[in-house]
1. Just checking: which of the helices (runs of 4 or more DSSP H) contained wholly in the stretch B:1-116 hold 3 or more residues that are touching a residue at least 40 places away in the same chain (Cβ under 8 Å) and out of contact with any Gly (no Cβ under 8 Å at 6 or more places or on another chain)?
2. Which of (1) over 20 Å from B:LEU245 (Cα atoms); (2) assigned to a helix (DSSP H, G or I); (3) within 13 Å of chain A (Cβ to nearest Cβ) is the odd one out, the single condition B:ALA376 does not satisfy?
3. Report yes if B:GLY12 is surrounded by fewer than 23 Cβ atoms within 10 Å (Cβ to Cβ) and at positive phi, otherwise no.
4. Contact list please: Cβ distance under 9 Å, first residue in the stretch A:21-44 and touching a residue at least 40 places away in the same chain (Cβ under 8 Å), second residue assigned to a loop (DSSP other than H, G, I, E, B) and among the aromatic types (Phe, Trp, Tyr), pairs at least six apart or on different chains.
5. When only residues in the stretch A:51-105 that are within 14 Å of another protein chain (Cβ to nearest Cβ), surrounded by 15 or more Cβ atoms within 10 Å (Cβ to Cβ) and in contact (Cβ under 8 Å) with a residue 12 or more places away in the chain count, which is farthest from B:LYS271 (Cα to Cα)?
6. Do we find that B:VAL352 is more than 14 Å from chain A (Cβ to nearest Cβ) and either at pLDDT 95 or above or crowded, with 24+ Cβ neighbours inside 10 Å (or both) in this structure?
7. Specify which of the listed residues (A:GLU48, A:GLU19) is crowded, with 16+ Cβ neighbours inside 10 Å, within 14 Å of chain B (Cβ to nearest Cβ) and of a type in the set (Asp, Glu).
8. Evaluate the stretch B:387-398: report whether one residue or more is surrounded by 16 or more Cβ atoms within 10 Å (Cβ to Cβ), among the basic types (Lys, Arg) and within 30 Å of B:ARG131 (Cα to Cα).
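The values are calculated or read from the model by the stated rules, or taken from the named source; none is laboratory data. Just so it is clear, the structure is predicted and the values come from calculations on it, not from any experiment. Positions of Cβ are backbone-derived with ideal geometry, glycine not excepted, and every protein chain shown enters the neighbour counts.
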Amino acid sequence: MKLIIAIIRLERLDPVQHELQSILNEGDNYRLTIRPVEGHGRQHGEVEYVRGQPVRARMVQRVEITVGLNDRYVEPAIEAIVRGARSGTAGEVGDGKIFVVPLEQCVRIRTGERGEAAI
Amino acid sequence: MDPTSAQAIDSGSTAWMLASAAFVLLMVPGLALFYAGMVRRKNIIATMLYSYGAMALIGVQWMLFGYALAFGRSVNGVIGWDPALLGLHGIEPGKLFGDKAIPELVFVMFQGKFAIITPALISGAVAERMRFSTFLMFCFLWATFIYCPLAHWVWAPGGWLFERGVLDFAGGTVVHISSGFSALVLALLVGRRLDYQPGSGGAVLPHNLPMTLLGAGLLWFGWFGFNAGSAVAVESPVAGATAGLAFATTQTAAAAGGLVWMLIEWWHHGKPTSLGMASGVVAGLVAVTPAAGHVTPLSALLIGGVTALACYLAVQLKARFGYDDALDAFGVHGVGGLVGALATGLFCFAPVAGALVGGGWGQFGKQALGAGAGIAFAMTGTLLIGLALKATMGLRVTAEQEREGLDLSLHGERGYHSELI
């Protein structure tokens with residue numbers, strides 16, 4: 001099992017959800033957690049104007065997606081997120097990152113199921 | 001209650017003055033919201049409490065002795081005094097104010113709201129780093145030693161500027177010049193916020209602009225009481241035609257100010273901003289304050305628009321000079337008040353004609369005298385009070401408190417907790 005943590009642009013959330021749904025939804029629903037995050041990579045924040053004075057925000061705003069996956073779904077999910085989150089065909093600085101980390105355990109609270117069945 | 005004087009009360013004027021007093025009080029929460037939206041999340045409570053603190057503290061000061069100092073019998077034109085006014089104990093409910101057809105208590109309350117909002121305006125310059133305790137003490141001393149005398153000079157019969165014919169309809173000098181120029185002095189004494197870097201434009205972004213817009217809307221609304229309510233002070237015995245004129249000029253200047261600031265910024269940076277429009281509205285309102293019942297609506301249009309331009313330029317200068325007038329109390333109220341006070345001498349048609357409407361330059365000279373006296377008195381007084389407080393209580397919070405945020409470090413509260421619970 002793997003945990004995918006992807007940081008993407010706010011406006012790419014819908015396309016990414018759409019792509020993930022197309023590969024992960026097998027009759028019941030697929031599972032996803034999102035949260036707003038701030039930070040910076042090569043890019044810094046946008047320039048805003050405060051009473052005519054330009055001020056650059058220190059952090060950019062992004063959305064972070066977390067998905068727990070069984071191993072065979074990991075590659076398709078990575079490709080789906082890349083398809084959905086990339087700006088244009090070539091992509092742009094600031095499109096985000098995907099981190100994949102091993103997932104020790106997964107428990108469905110309602111039933112107590114563990115492991116791959118609980119994902 | 002004395003039935004004969006009660007009969008002389010004009011019900012229309014009295015009703016409007018009661019409403020106006022409440023309007024002006026509503027400007028204080030409006031100002032608190034206007035300022036609070038422009039600071040960072042960690043300082044919202046502290047920023048609002050500067051204004052609410054003035055509401056409570058000066059509300060007491062005014063009834064105990066502030067009113068007596070401002071509107072008691074004139075002592076050589078420089079200060080008022082009347083023991084019967086202390087604690088308002090000598091004012092019978094049926095007693096009328098001077099030659100006006102309204103109860104004196106209504107006038108006391110109306111004027112008291114002006115005394116509250118004026119020091120609250122100053123807080124914008126020192127937001128996010130001034131100690132709350134010191135600010136309260138500053139408010140008390142400033143209201144007593146600067147505001148009350150100045151209100152007496154300009155508005156009270158016998159006041160030396162009043163007797164010279166200086167026009168200040170609703171407080172261009174008494175409220176806006178005094179608070180704006182004092183704000184500049186206090187901002188210099190307190191020093192820059194740690195995170196404010198002049199030149200790069202600073203690194204402090206507003207945390208909630210919708211809050212600022214709501215505050216600006218409440219200010220605009222309350223300003224109708226501020227200006228049109230002031231008609232009773234200049235029109236005897238009732239407030240009628242002049243109140244209507246002041247209402248119309250207030251609306252006109254506010255709209256023109258908002259429009260002009262928005263267009264300037266649109267042209268300058270390519271985008272019309274909400275903060276710009278709100279700032280322009282306030283600049284227009286500030287400028288028309290001394291002129292409201294003395295100029296035509298068309299003149300008010302010009303005054304509001306020109307002042308928005310002047311204030312926009314003044315705010316840009318801040319980065320060049322490097323002082324941290326955090327929320328532009330000087331840039332908007334000081335500069336806007338000065339432009340308005342002078343413009344009154346150019347455009348007034350009643351009770352005298354200004355320089356641009358067929359009169360001579362006499363009234364303009366009087367306006368310059370009033371503004372100059374207000375600036376000199378406010379800046380000197382604020383410098384003395386500020387230096388005294390710096391030496392005794394200290395003006396600033398510690399660097400650690402400033403980084404943590406004033407809300408938690410000074411008030412033990414946060415404005416915002418988790419978004420989920």
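1. Values: elements: B:3-7, B:11-36, B:44-61, B:67-71.
So the answer is B:11-36, B:44-61.
2. Condition not satisfied by B:ALA376: (3).
3. Details: surrounded by fewer than 23 Cβ atoms within 10 Å (Cβ to Cβ): yes; at positive phi: no.
In short, no.
4. If the second residue must be assigned to a loop (DSSP other than H, G, I, E, B) and among the aromatic types (Phe, Trp, Tyr), the pairs left are A:ILE23/A:TYR30; A:LEU24/A:TYR30.
5. Keep residues of the stretch A:51-105 that are within 14 Å of another protein chain (Cβ to nearest Cβ), which gives A:51-61.
Now restrict to residues that are surrounded by 15 or more Cβ atoms within 10 Å (Cβ to Cβ): A:51-53, A:55, A:57, A:60.
With the extra rule that they be in contact (Cβ under 8 Å) with a residue 12 or more places away in the chain, the set shrinks to A:57, A:60.
Details: A:ALA57: 17, A:VAL60: 20 Å.
Out of the qualifying residues, it is A:VAL60.
6. No, not satisfied.
7. Details: A:GLU19 fails: within 14 Å of chain B (Cβ to nearest Cβ).
On inspection, the qualifying residue turns out to be A:GLU48.
8. Of the stretch B:387-398, the ones surrounded by 16 or more Cβ atoms within 10 Å (Cβ to Cβ) are B:389, B:395-397.
Going one step further and asking which of them are among the basic types (Lys, Arg), we end up with B:396.
Checking the rest, the ones that are also within 30 Å of B:ARG131 (Cα to Cα) come to B:396.
The answer is yes, given that some residue of the stretch B:387-398 is surrounded by 16 or more Cβ atoms within 10 Å (Cβ to Cβ), among the basic types (Lys, Arg) and within 30 Å of B:ARG131 (Cα to Cα).
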